[in-house]
Amino acid sequence: MGAVAPPNAPKQTRSRATRQRLLEAAVACLDDHGWAGSTVSVVAERAGVSRGAAQHHFPTREDLFTAAVEYVAEQRSRALRALPRQDRAEVMTALVDLYTGPLFRAALHLWVAASDEEQLHARVTELEARLGRETHHIAVRLLGVDESRPGVRETVQGFLDLARGLGLANLLTDDGARRERVVRQWAGLLEEALG
């Protein structure tokens, strides 16, 4: 779990550390318990803070969980942006990894909840659209392709949609061996399609 600021640290530093612990705990709770089992109290307990401290940082449950998914997505995007250009198969594997970890499982729980909860729907839809655009731009850069060429944008987006599908397949069983074969095949197809 995130860093704990020493008691003599400045208030702002302690506040940032508490916020980070809450965000990380919220993602872990969504991944472990789903939306129904992830309450502010459960998250606060897991983060080692009071419910009041949690509500100070995040007044509503929706605030907490949308911020948590966004926080971890930003961490993953930062890691992706830092990747050096590699061969396309390695880049594609890194992109598929976005959709097979705890963040993706947590995001799925949030998506399902947003489909039934009006107050959450708009926030999650906006968040996912923004993250989707950012992931697409990162993929284009890492793959070293020119989106001005006809079909390139759609090919990259098709791959990202495939990656999401592979992540879904991985939810119930470890689908790593099949996923690896599929990614290798798609890397070859992308080489042909994108040049």
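Read-outs throughout are calculated quantities, based only on the coordinates presented, and are distinct from any laboratory measurement. What you see is a predicted model, and the numbers here were worked out from it, not measured in a lab. Here the Cβ positions follow ideal geometry from the backbone for every residue, glycine too, while neighbour counts run over all protein chains shown.
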Taking the convex hull of Cα positions in the chain, its mean projected area over all directions (nm²): 12.4
Selection from Gly167, Thr18, Val140, by position along the positive dipole direction of the stretch 11-194 (Cβ): Thr18
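Give me the extension gain from Val140 to Ala82: residue separation times 0.36 nm, minus the current Cα-Cα distance, reported in nm with one decimal.
Values: separation 58, 0.36 × 58 = 20.88 nm, distance 1.40 nm.
Extra length from Val140 to Ala82 when fully extended: 19.5 nm.
For every helix of n ≥ 4 consecutive DSSP H residues, a contribution of -39,500 (n - 2.57) applies; sum these over the chain, divide by its total residues, and give [θ] at 222 nm rounded to the nearest 500 deg cm²/dmol.
-25500 deg cm²/dmol
Check each of the trypsin sites (Lys or Arg not before Pro) in the stretch 81-183 and keep only those in coil by DSSP with at most 13 other C-beta atoms within 10 angstrom; list them in order. Don't skip to the answer; put the middle values down first.
Values: sites: Arg81, Arg85, Arg88, Arg105, Arg123, Arg130, Arg133, Arg141, Arg153, Arg164, Arg178, Arg179, Arg181; in loops: Arg85.
When the trypsin sites (Lys or Arg not before Pro) of the stretch 81-183 are filtered for loop state and at most 13 Cβ neighbours within 10 Å, Arg85 remain.
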Within the chain: Cβ-based charge dipole about Cα centre, in debye rounded to nearest 20 (Lys, Arg +1; Asp, Glu -1): 720
